[in-house]
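Notes follow the structure.
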Ligand SMILES: [Zn+2]
């Protein structure tokens, strides 16, 4: 047992004393890695540890590869959640206070002060910072700041004035996610479950019925030309409401949504859905009458609770009509007569579809009725094809002949102009709840300040930045491009909360997802702020222009800011040295907001050379397979966990359970296994000393070759941030190689293994160091080093030390030992003697030919046999045609690398290699081994086994 906590604090102190993580510009190449700064409204739990640990591994890895790495950290005080929390403390919220006491173990004295928001933030700020230090994160703490620091406020004011001067901050009426109870816009930080309230714009088509308007919501306004009827649900009681002077018939849910669309909505009366069935409405722009028909798929919470029917192009509509025709008994005769006359009106021509595409897809998906779950799929397929490839037919007036994708917006504008339409915004994945419990809605907000993310040129630049940058994992790139397209005007200011006031309208405070998008640049300033070399009073926009945009006259700016020209220039040079951000780490939930805003704002403000270079996105952390949440009671605060398990085991347990985008599953069993592994490794490091080098024997050459291979593979894995794979090499593959080496050398009674093992361990410890930095330092010291392993260089690959002959030989020994063990297990014989037969030379020649063919992709047994028989050297195959099939299978069951190694080395003398087997078999089974060639006339072969030998698959006889 080792004392983790004393080892960890010993090395943390050493790092601190050597100031190794304090980074200033040097002559070396730089690497600037950042991770989303924490929001201090509670301490961090194990789940938060993932992103920070990933970023720290990245930072430490790049440092060992010779980069001058900057990894800083700040704290995000801005926003409403801290305010809400303070209010709940003021109201003496029992549940919250209990959580402070029992889960977060906040001292009573501090809880009392929590009525004040800043007190909450600064308490948890210190908690989180201590946890980060205890986790061993290699952070330059001289650059710490909070988002309510006075110079930070000036920096955000500068950012907003810049955006406004480029017309990217606009005032107007736009939809936002909204909490009706708090009367505030909501974003991801404000909702339960951290859901970003995304919404979609629908066009409301106004159908006229008597003196009423029946609106229906659609994403395809162009299909009004194909409407054959409306759908109403007979079981819904609709409301008649006065909407800005018109009488609308809509569901009760829709009436409420309309209020948030800035409409004056007054209840006038109600009408049953069943009463509407059979009535006729006038289709706008076509002046034709169509009937209202009953349908159960119509839901009152979707759209207006009423649907327009386009059976030629909408599978739902087509199917609902078919259903009515089949079950007509409940319908009145006149309605039934109408249904029978309805013919789908085809208005879109799409290559590959005939007259009625909806009919074709419902048949393709074998849809049975309108409640069939596959209807969604069928709809998606058809909509996609018609949108991108479809053209409007001749019956669509002035739009005839145009492509659907090109004309959609024009149709919408045209119908709106005629006052035959309106718009409605709906949440995509509703219901979404605010942290206060209220259900969120979409509201059109007037005279609000918005970031104009719908600006087309801005979007274009965002796409090009995203397409040029490195994104890990690569699969997430499309998600970013999708978000860029989908984003529109976004409210950037609130009336409550901590933060920076809008510089031109002091009633507003910049909200938390708008003041946290370019702060990576501020880390350069923070060092000078903390040293008190610059103060807020004299700083204006010209200072920021000078530092970040190289704009302005040094003398003038320095004198206005009352700092020396030297200082001003060195801050600017430091920024130019560290920017751009080389890697930004964040959780996947921040893709639709923070990470995309980060891209947008950088390209708006900074010149292209400062645009971000890489984004790394990771999934979340589960606890024993379940989502962590306060209500589940399975939250483990990070600092508690460090005290119980040690920082390094936690770091490894989080990283080893999943690759980047997968959810990591944290469990305590895994921690125990990891602890054992590390403790054994530490013991090995004390055991094997650097002695004089002895002559390398085959197994030494093999272990050195494996070392080179593993260094190569581990390095490639980390470069792609495939940390789970990298850890697998460092912890497990190395281990099993060392085990084999020890078996081999023990069997030969060798005593000169220390040097080789020391050599392997030195590389292994260096590669462990970014992952488990504390224990790696301890191991490094045990290996006899006086410096820090964190400061050592990453092992390099010496390809010339890869000896493929020894790799192959040891593989043959390993697999033969494995085969012997399996035979003994199955037959339960107590062996007296073990005899091995290696294959005849023609088989080796045939093997090489088959191998060359398999590598080329030729695997047809018939062709292979024919070509082998036609060759004198291998014609003996006709006596043993089964040999070919078995050999192909042998080859296919091997990894591609070893196939290539075998093809490179060509013939190997298996008899010679297997002579090494004797010592191993003696050691493991206590008997002797005899090795014969299949062609040896003197061989001992009572059971006629030798003829079954194949290359790399010797035959085995145990007696
Ligand atoms: Zn709320």
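What follows is calculated from the coordinates using simple rules that are stated; it is not laboratory data. Being a predicted model, the structure only gives us computed values, none of them experimental. FYI the Cβ positions are ideal-geometry reconstructions off the backbone, even for glycines, and counts take in every protein chain you see.
The table below gives the values:
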read-out: Proportion of all alpha-carbon pairs of region 371-497 beyond 23 Å (%); value: 60 percent
read-out: Fraction of alpha-carbon pairs over 13 Å apart in region 441-498 - percent; value: 67 percent
read-out: Reciprocal mean inverse distance between Cα atoms of region 243-288 - Kirkwood radius, Å; value: 12.5 Å
read-out: Cα-based Kirkwood hydrodynamic radius, region 437-542, one decimal, Å; value: 17.1 Å
read-out: Rg and Dmax [Cα atoms of region 288-354; Å; Rg one decimal, Dmax integer]; value: 13.2, 40
read-out: Spatial separation of Cα centroids for region 70-123 and region 230-290, in angstrom; value: 47 Å
read-out: Rg and Dmax of region 67-164, Cα atoms only, in Å; value: 16.4, 52
read-out: Approximate spin-label separation residue 113-residue 467, in nm, with each point projected 7 Å along Cα-to-Cβ; value: 5.3 nm
read-out: Sorted by Cβ neighbour density within 10 Å, fewest at the top, the residues 775, 224, 869; value: 869, 224, 775
read-out: Cα-based radius of gyration of region 1-54 once divided by 2.2 N^0.38 Å, which approximates compact folds; value: 1.54
read-out: Semi-axis lengths, Å, region 785-878, gyration tensor of Cα atoms, sqrt of 5 times eigenvalues; value: 39, 27, 12
read-out: Distance (nanometres) between label positions extended 7 Å along Cα→Cβ at residue 553 and residue 447; value: 4.2 nm
read-out: FRET E, pair residue 569, residue 696, Förster distance 51 Å, beta-carbon r, rounded to 0.05; value: 0.35
read-out: Cα pair distances of region 698-762 binned at 10 Å [whole percent]; value: 21, 50, 22, 7, 0
read-out: Potential lengthening between residue 915 and residue 672 on full extension [0.36 nm per residue; Cα-Cα distance subtracted]; value: 83.4 nm
read-out: 20 °C / 1.002 mPa s Stokes-Einstein diffusion coefficient of the chain, Kirkwood radius on C-alpha pairs, µm²/s; value: 63 µm²/s
read-out: Taking N as its residue count, the alpha carbon Rg of region 506-593 over 2.2 N^0.38 Å; value: 1.26
read-out: Sorted by Cβ neighbour density within 10 Å, fewest at the top, the residues 125, 774; value: 125, 774
read-out: For region 192-340, diffusion coefficient by Stokes-Einstein and Kirkwood Rh (Cα), 4 °C, 1.567 mPa s, µm²/s; value: 81 µm²/s
read-out: Computed lengthening from residue 6 to residue 285, 0.36 nm per intervening residue step minus Cα-Cα distance; value: 92.4 nm
read-out: Kirkwood Rh, angstrom, region 767-834 [1 / mean 1/r, Cα pairs]; value: 16.3 Å
read-out: Inter-label distance, nm, simple model (7 Å from Cα along the C-beta direction), residue 560/residue 732; value: 6.1 nm
read-out: Convex hull volume of region 592-673 per residue (C-alpha atoms, cubic angstrom); value: 141 Å³
read-out: Ellipsoid equivalent to region 158-251 - semi-axes via the Cα gyration tensor, in Å; value: 36, 19, 15
read-out: Isotropic mean projected area of the C-alpha convex hull, region 319-425 (nm²); value: 8.9 nm²
read-out: Region 554-618 - Rg and Dmax from Cα coordinates, angstrom; value: 15.9, 46
read-out: Net length gained if the chain between residue 166 and residue 924 were fully extended (0.36 nm per residue, minus Cα distance); value: 265.1 nm
read-out: Likely footprinting exposure, 715, 887, fewest C-beta neighbours within 10 Å first; value: 715, 887
read-out: Per-selection Rg to Rh, region 545-683 - Cα, Kirkwood hydrodynamic radius; value: 1.18
read-out: Expected-Rg normalisation [2.2 N^0.38 Å, Cα atoms] applied to region 812-959; value: 1.08
